[in-house]
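Have a look at the structure below, then the notes.
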Amino acid sequence: MSTSKPSPTETPASTNGKKQPPVILCIGMAGSGKTTFMQRINAHLHAKKTPPYVVNLDPAVGNLPFTANIDVRDTVNYKEVMKQYNLGPNGGILTSLNLFTTKFDQVLDLIAKRADSVSHILVDTPGQIEIFTWSASGSIITDTLASTYPTVIAYIIDTPRTTAPATFMSNMLYACSILYKTKLPFILVFNKTDVVSHEFAVEWMTDFEKFQEALSHDTTYMSSLMNSMSLVLDEFYSHLKVVGVSAVTGNGVEDFFAAVDEAAVEYERDYKPEIERMIKEKVYNS
Ligand SMILES: Nc1nc2c(ncn2[C@@H]2O[C@H](COP(=O)(O)OP(=O)(O)OP(=O)(O)O)[C@@H](O)[C@H]2O)c(=O)[nH]1
């Protein structure tokens, strides 16, 4: 199998002049509903007769409720990896993904063969989101996908578990570090809105005083730290798109795809020139 490196003349998202399908990279904490959301958006696209290409990068998922075109579990057995490297479950998942990404060029080759006939490329990821904040595999995955396809991060949030200001803030800080690490268009997907509406979050993100007021009821040692951090996050919020969905009922899925369309346009306009510049720099310096 070949190891393809982009040549300096290749242009991201329009290799050979063809329009490429957007990649939706689903990232989120364990239990936020990534897999259920993937199942929902996959079913939505199939119902519209615009089927996607589906990639599962979660080595530890037990039961995948959709058919994946590429499944990391076919290549690495994370339980074997745990045994072989004497690791716990988290280390096993991270190492499995690291091993898998050493062959990521093959994943790209497979996707490229079908890119003409699919509407989107959906990617499910493990709940260990540190993969996308500091691990090498996270950068390989995002950088290589984004060098060819308009790549959008869908950051899935468990809305009912984010109603406390401290949890909300910690989730936003995670999202913030992923945004600055990946430098890709970013959609905050407030999931499980069938249980709790995401309106409180939108209010906190658009009205600083409302968040301050919620914080004033928080008497933990964290509250003064959060107070200062919330000022910093104001700038971060301006880079985001926010949608509320229920992966279970399907509510908000149309809004999500509208946000993806907008993000793909943003990629072409704002992100692609920068990615092109970086590819050229890397190729000429190598
Ligand atoms: N009420 C409700 N429950 C949901 C929704 N989406 C997911 N869930 C539930 O949340 C739990 C976790 O969902 P998963 O899809 O497995 O979450 P995940 O993020 O893939 O989890 P990991 O693989 O552990 O990272 C399951 O019990 C789902 O049924 C939703 O929109 N509404």
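Derivation of every value follows stated rules applied to the coordinates shown; laboratory data play no part. Please read these numbers as outputs of a predicted model, since none were measured by experiment. With ideal geometry, Cβ positions are generated from the backbone for all residues, glycine too; neighbour counts draw on all protein chains shown.
A few points about this structure:
- Along region 237-246 the Karplus relation, 6.51 cos²θ - 1.76 cosθ + 1.60 evaluated at θ = phi - 60°, assigns HN-Hα couplings of 4, 5, 9, 10, 10, 10, 9, x, 9, 10 Hz to successive residues, with x for each Gly and Pro.
- Sequence-separation-based contact order of the chain, relative, with Cα cut under 8 Å and 6+ spacing, percent: 25 percent
- Local net charge near residue 268, Cβ-Cβ under 13 Å (Lys/Arg +1, Asp/Glu -1): -3
- For the chain, the residue among 37, 185, 147 whose Cα projects farthest onto the positive side of the dipole built from Cβ charges is 147.
- Calculated FRET efficiency, residue 166 to residue 262, Cβ-Cβ distance, R0 = 22 Å: about 0.10 to the nearest 0.05.
- With K and R counted +1 and D and E -1, the other residues having a Cβ less than 10 Å from that of residue 66 yield a net charge of 0.
- Calculated from backbone phi, Karplus (6.51, -1.76, 1.60) coupling profile of region 153-162 in Hz, x at Gly/Pro: 8, 9, 8, 8, 10, 7, 4, x, 8, 10
- Distance (nanometres) between label positions extended 7 Å along Cα→Cβ at residue 180 and residue 46: 4.1 nm
- Taking the chain as a Gaussian network of alpha-carbon nodes connected by springs under 10 Å, the highest mean-square fluctuation of the residues 63, 227, 171 belongs to 63.
- For residue 202 and residue 227, the FRET efficiency from 1/(1 + (r/R0)^6), where r spans their Cβ atoms and R0 equals 25 Å, is about 0.80.
- Residues with amide H under 5 Å from that of residue 54, placed H, sequence gap 5 or more: 69, 70, 122
- In the chain, the longest principal axis of the Cα atoms and the axis of helix 104-114 are about 80 degrees apart.
- Spatially, region 236-286 and region 32-53 are offset by 18 Å when compared through their Cα centroids.
- Proximal charge balance of residue 78 [Cβ under 15 Å; K/R count +1, D/E count -1]: -2
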